[in-house]
Amino acid sequence: MKKLYLLTLAFAGIMVLLPSCYQTKKKEMVKQEFYGTHKGKEVFMFTLTNTPGNIVKITNFGGKINWIEVPDRNGNKANITFGYDTFEGTITGDMSYGSIVGRYANRIANAKFTLDGVEYTLPVNNGPNTLHGGPGGWHSVVWDAEIVKDSEFPAVKLTYISPDMEMGFPGTVTAEVVYSWTDQNEIVMDYKCTTDKKTVINVTNHAYFNLKGPGNGDILDHVLTLRASAFTPVNEVMIPTGEIRPVAGTPFDFTTPHTIGERIGENYDQLILGRGYDHNFVLDNTEPVDVEVHELSTGRVLEVITDQPGMQLYTGNFLDGTRIGHGGVAYTHRSGFCLESGHFPDSPNHPGFPTTVLNPGETFTSRTVYRFSAR
């Protein structure tokens, strides 16, 4: 069912013999504005407006989703993601908010891995580890950007050529991400990567969500259903031990709905290590929707659909109010959550995990969808 849905979305992105007035209308639904300059490259903010009039804003600096404005059950619209009002705020603020994360999303142990007998050393930026591709990862570069002219829905294509040995990773990688904003309030993210040398790839989006709207309290009352029968426990520096642990009987069992905060304070080893949830879940990949989050006071719902094997749940355990975002809102402890689709952390150092190796001549493709509704 899920594969059929994802394929259906792929075909929906192609217009066939549509009238020119329709194409003009769709073009007008993507607005491009100058946002700033970084390292000699122009940065733009793209505002995508779908037919119902709902808005997503994306910048080509780090490929960040900066704004998602959707209605609640009463039709009242609000932004439900983290971001900044100005380019200066974006440059000096938290680089992860809404970003495309690569070349390797999540952690790599001891900032090194071995590929075909060659050890590659990466920058250390998270304890002894490399996190999210290092400080100069894809979240912090300016991507080339273009409005997709022949898409059925408002869409922007971002491209970045990551040079050989950037942040210590082998191979020149050409990465493409197409963001589409459908009339069903779906952010469709299509990833594509190729390389000229054997390398490792793990790419995701790092958006934070609060379905009440950031600044309206924490996310502990959000009801989460996560269709994963297992997760990957971590050690004291948040690196997977290699165990695939069943969630049954643990505070990590969201196969039936629970609020995020219901068990977050339990005396359970993994919650203590992560100061809450900051773990990769092994998706069942059997249901049409992998994750659902429901916020009861507004009725807003976020569904996540992906073809990837893992989902990192992060509950904002290290947010401390020092980052000030849209409208002067302080992003305080557990005021946002992340659902990052992808492969497992530290996979290059765990042969038993699904492989993240990309060879020359191969193309990595992936699709993840954030779908918003209200009930």
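Just one of 251, 240, 257 is under 21 Å from the mean Cα position of the chain (by Cα) and more than 30 Å from residue 324 (Cβ to Cβ); which is it?
240
Conditions: (1) part of a strand (DSSP E or B); (2) surrounded by fewer than 19 Cβ atoms within 10 Å (Cβ to Cβ); (3) among the hydrophobic types (A, V, I, L, M, F, W, C). Residue 188 meets all but one. Number of the miss?
So the condition that residue 188 fails would be (2).
For residue 298, are the conditions met, namely being of a type in the set (Val, Ile, Thr), at pLDDT 95 or above, surrounded by 19 or more Cβ atoms within 10 Å (Cβ to Cβ) and more than 17 Å from the chain's Cα centre (by Cα)?
yes
Restricting to the range 318-362, what's the tally of residues that are among the charged types (D, E, K, R) and crowded, with 16+ Cβ neighbours inside 10 Å?
Residues flagged as among the charged types (D, E, K, R) and crowded, with 16+ Cβ neighbours inside 10 Å within the range 318-362 amount to 4.
Rundown of residues vs (1) in contact with a Leu (Cβ under 8 Å, 6 or more places away or on another chain); (2) at positive phi; (3) not in a loop (DSSP other than H, G, I, E, B), yes/no style:
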| position | (1), (2), (3) |
| --- | --- |
| 192 | no, no, yes |
| 242 | no, yes, no |
| 250 | no, no, no |
| 265 | yes, no, no |
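Before we move on, is residue 200 among the aliphatic types (A, V, I, L, M), modelled with pLDDT of 95 or more, over 29 Å from residue 276 (Cβ atoms) and buried (at least 18 other Cβ atoms within 10 Å of the Cβ)?
Criteria not met by residue 200.
Conditions first: (1) buried (at least 20 other Cβ atoms within 10 Å of the Cβ); (2) among the polar types (S, T, N, Q); (3) within 22 Å of residue 182 (Cα to Cα). Residue 315 passes all but one, so which condition is the exception?
Here residue 315 clears every test but (3).
Determine which member of the set 292, 287 is part of a strand (DSSP E or B) and surrounded by fewer than 20 Cβ atoms within 10 Å (Cβ to Cβ).
292
In the range 214-225, what residues are under 18 Å from the mean Cα position of the chain (by Cα) and of a type outside the set (Val, Ile, Thr)?
214, 224
When you look at residue 171, is it surrounded by fewer than 19 Cβ atoms within 10 Å (Cβ to Cβ) and assigned to a loop (DSSP other than H, G, I, E, B), yes or no?
Judged against the criteria, residue 171 is not a match.
Yes/no per residue for (1) closer than 28 Å to residue 373 by Cα; (2) without any contact (Cβ under 8 Å) to a residue 12 or more places away in the chain; (3) surrounded by 21 or more Cβ atoms within 10 Å (Cβ to Cβ):
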| position | (1), (2), (3) |
| --- | --- |
| 41 | no, no, no |
| 67 | yes, no, yes |
| 72 | yes, no, no |
| 78 | yes, no, no |
| 91 | no, no, no |
| 96 | yes, no, yes |
| 99 | yes, no, yes |
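Restricting attention to the range 88-123, which residues are within 17 Å of the chain's Cα centre (by Cα), of a type outside the set (Val, Ile, Thr) and assigned to a strand (DSSP E or B)?
Passing the criteria: 104, 107.
Would you pick out the residues in the range 343-364 that are of a type outside the set (S, T, N, Q) and over 19 Å from residue 243 (Cβ atoms)?
357, 358, 360, 361, 362, 364
Just checking, does the range 353-360 include any residue being farther than 21 Å from residue 180 by Cα, in contact with a Phe, Trp or Tyr (Cβ under 8 Å, 6 or more places away or on another chain), touching a residue at least 40 places away in the same chain (Cβ under 8 Å) and assigned to a strand (DSSP E or B)?
For the range 353-360, residues farther than 21 Å from residue 180 by Cα, in contact with a Phe, Trp or Tyr (Cβ under 8 Å, 6 or more places away or on another chain), touching a residue at least 40 places away in the same chain (Cβ under 8 Å) and assigned to a strand (DSSP E or B): present.
Counting only residues that are small (Gly, Ala, Ser) and in contact (Cβ under 8 Å) with a residue 24 or more places away in the chain, which one in the range 232-269 is farthest from residue 297 (Cα to Cα)?
242
Just one of (1) in a loop (DSSP other than H, G, I, E, B); (2) in contact with a Ser or Thr (Cβ under 9 Å, 6 or more places away or on another chain); (3) not aromatic (Phe, Trp, Tyr) trips up residue 333, so point out which.
Here residue 333 clears every test but (2).
Filter the range 154-168 down to the residues that are part of a loop (DSSP other than H, G, I, E, B), at negative phi and either surrounded by fewer than 23 Cβ atoms within 10 Å (Cβ to Cβ) or free of Cβ contacts under 8 Å to residues at least 24 places away in the same chain (or both) and list them by number.
163, 164
The values are calculated or read from the model by the stated rules, or taken from the named source; none is laboratory data. Quantities reported herein were computed from a predicted structural model and do not represent experimental measurements. Glycine also receives a Cβ, built like all others from the backbone with ideal geometry; neighbour counts cover every protein chain displayed.
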